[in-house]
Amino acid sequence: MLINHTTKELDLTARLMRAEGIGEGNEGMLMVGNVIINRAIANCHTFKDIRTLYDVIYQPNQFAGTKSSLFNGSATTHEKNLAQKVIKGKNFYPATHSLWFYAPTKGSVCRDIWYDQKFVGQYKNHCFYAPAVGICPEIR
């Protein structure tokens, strides 16, 4: 599914993918991108009135990466190409249906439940969480 987006939203998406996932490499950044896209298309939970990538990225109290120095400055061509992949609908497990992720503190394991959502998988240091089947049909 292609998400309608502006050039600015492509850049913002790529920058947030970098800020939240650069430590996990390209795959980790792509999975962060999946969560961003899933939130834009989901019509459930706290994302019911969130319809644009801009709204997803700047939804209050969601992505710590927007406050990171890695979020500042323009995205590279490579980062924009990664963002374009997820915007065009490419999914990467375990973020395929995920609306949430976090990185546990060093030495900790992923929680079974986070934001009342079930743990669906881990990639390097990121834990991914998705709603139950039927809760957010737009992302299933």
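Some observations on this one:
- Screening segment 1-110 for helices (runs of 4 or more DSSP H) wholly inside it with 1 or more residues that are touching a residue at least 60 places away in the same chain (Cβ under 8 Å) and either in contact with a strand residue (DSSP E or B) (Cβ under 7 Å, 6 or more places away or on another chain) or not hydrophobic (A, V, I, L, M, F, W, C) (or both) returns the ranges 7-21, 25-41, 77-87.
- Subset of segment 50-86 that is in contact with a Gly (Cβ under 8 Å, 6 or more places away or on another chain) and closer than 15 Å to ILE37 by Cβ - its residue that is surrounded by the fewest Cβ atoms within 10 Å (Cβ to Cβ): LYS85
- Residues (in a strand (DSSP E or B) and among the small types (Gly, Ala, Ser)) located in segment 111-140: GLY121, ALA130
- When GLY73 is tested against the conditions (1) touching a Ser or Thr at 6+ places or on another chain (Cβ under 7 Å); (2) among the small types (Gly, Ala, Ser); (3) over 18 Å from GLU24 (Cβ atoms), the lone failure is (1).
- Residue that is surrounded by the fewest Cβ atoms within 10 Å (Cβ to Cβ), among those in segment 22-46 that are under 13 Å from the mean Cα position of the chain (by Cα) and over 16 Å from GLN122 (Cα atoms): ILE41
- Segment 123-140: number of residues that are free of Cβ contacts under 8 Å to residues at least 60 places away in the same chain and among the basic types (Lys, Arg): 1
- If the condition is being out of contact with any helix residue (DSSP H, G or I) (no Cβ under 7 Å at 6 or more places or on another chain) and modelled with pLDDT under 95, then segment 3-22 contributes only ASN4.
- The numbered conditions (1) modelled with pLDDT under 95; (2) of a type in the set (Ser, Thr, Tyr); (3) out of contact with any helix residue (DSSP H, G or I) (no Cβ under 7 Å at 6 or more places or on another chain) are all true for SER74 except (3).
- Unmet criterion (only one of (1) under 19 Å from ALA64 (Cα atoms); (2) surrounded by 14 or more Cβ atoms within 10 Å (Cβ to Cβ); (3) without any contact (Cβ under 8 Å) to a residue 40 or more places away in the chain; (4) of a type outside the set (Gly, Ala, Ser)) for VAL120: (1)
The values are calculated or read from the model by the stated rules, or taken from the named source; none is laboratory data. Computed from a predicted structure; not experimentally measured. When we count neighbours, we look across all protein chains shown, and the Cβ atoms used for this are built from the backbone with ideal geometry, even at glycine.
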